[in-house]
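Everything on this sheet refers to the single structure shown next.
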Amino acid sequence: MADTDIIEPEVPKKRVLRDWADKVKVEELPLISMVVPCFRAGPTLARTLDSLRDQKYPNLQIILIDGGSEDETVEVVKSYGDFIDYWISEPDKGQVDAINKGFAQATGELYGWLCADDALRPGALRRLAREFLRRPDADVVTSGCLRVFDGGAEVVTRPDPHYYDDLFIKNTIEQPSTLWRASLHNNIGPVSNKLRYAFDWELWCKFKASGAVFVSLPSVTSIYYFSDTNLTSTGGRKIADEMFKIVEEYGPRDGELASVFMFLYKRFDLRGYYDAENMSMRSRFPFRVVLKLLRMRYGDRNVNLYNWNFASRQERALGWTKG
């Protein structure tokens, strides 16, 4: 992604009212319940909480669930005083358990969660909330994200035009840039505790399977920090296994495409065929023949939606930004 995509301002210096939703009164903005799950988040938690406080969103419920941290996490939490509406620090069963504990305390009309090493960009909550007001039929509103990697590399992602159609095969929804209606969440039930890495994707699939209406915005509303040690950066084969389960359950042809993707993962991706720096490997005879046969059976688009390379690179101990 070009640097200009990153530094381009979201709002022009001379503000122009784009639609009626920009005129919404403060008292009309819906209550948003934002859950912050954390564990040993002392070094990054203040950045996350500051980004929420800087929203200056008038109807915001902050629920923080800490897994019994023994570092400075609790001291950071206490320093924010009444800004945090509810918090608890006790041992839990992991991030999903913390998220579900948080939503059990939520009373808002809109839900979201923000991990303790990520942040929201200024004005994010107002943009998302106003879209719900503009689109009363919307159940989920998602938007763009600035991904920041160790070493300083930055990439802007925005919702793919086909993100909804492809959702049962490929997840391109940025979790920290997404809000959804509490009524939808409560109808679906708690976030699945059977998954450790891809539980957000499974939640989107459950939303879609229930008939939920998704709406996307091009605005970049969150900052997703990728380190070499956070959960998303260390899963490797475990992430691939969870993606397999989701495609198997929700994907086309009764989930048959999951086995196709796992074959590509093991036979070619782990050998470097999908690495950006090894593009020439894709012209090799066995790979071309296999892809041709798979595309004939499953369709070009379905096969081309394979995107497990980040998990493959982790399993091979390669960095995020080298591919």
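Read-outs throughout are calculated quantities, based only on the coordinates presented, and are distinct from any laboratory measurement. Just so we're clear, the structure is a prediction, and the values are computed from it rather than from any experiment. FYI the Cβ positions are ideal-geometry reconstructions off the backbone, even for glycines, and counts take in every protein chain you see.
The sole residue among Ser222, Ser177, Ser210, Ser216 that is surrounded by fewer than 20 Cβ atoms within 10 Å (Cβ to Cβ) and among the small types (Gly, Ala, Ser) is Ser210. Give the residues of the range 144-182 that are without any contact (Cβ under 8 Å) to a residue 40 or more places away in the chain and among the small types (Gly, Ala, Ser), sorted by residue number. Matches in the range 144-182: Gly152 only. Ile63: touching a Ser or Thr at 6+ places or on another chain (Cβ under 8 Å) and either in a helix (DSSP H, G or I) or under 11 Å from Val35 (Cβ atoms) (or both), yes or no? Judged against the criteria, Ile63 is a match. Filtering Tyr225, Tyr274, Tyr250 for residues that are touching a Lys or Arg at 6+ places or on another chain (Cβ under 9 Å) and free of Cβ contacts under 8 Å to residues at least 60 places away in the same chain leaves a single hit, Tyr274.
The C-beta contact set for the range 255-267 (first residue free of Cβ contacts under 8 Å to residues at least 24 places away in the same chain and among the aliphatic types (A, V, I, L, M), second residue surrounded by fewer than 19 Cβ atoms within 10 Å (Cβ to Cβ) and assigned to a helix (DSSP H, G or I), distance under 8 angstrom, 6+ apart or interchain) comprises Ala258/Lys245; Ala258/Glu248. When Asp82, Asp117, Asp71, Asp92 are screened for being assigned to a helix (DSSP H, G or I) and over 15 Å from Leu217 (Cα atoms), only Asp82 passes. For the range 130-159, the set of residues classified as aliphatic (A, V, I, L, M) and over 19 Å from the mean Cα position of the chain (by Cα) consists of Leu133 only.
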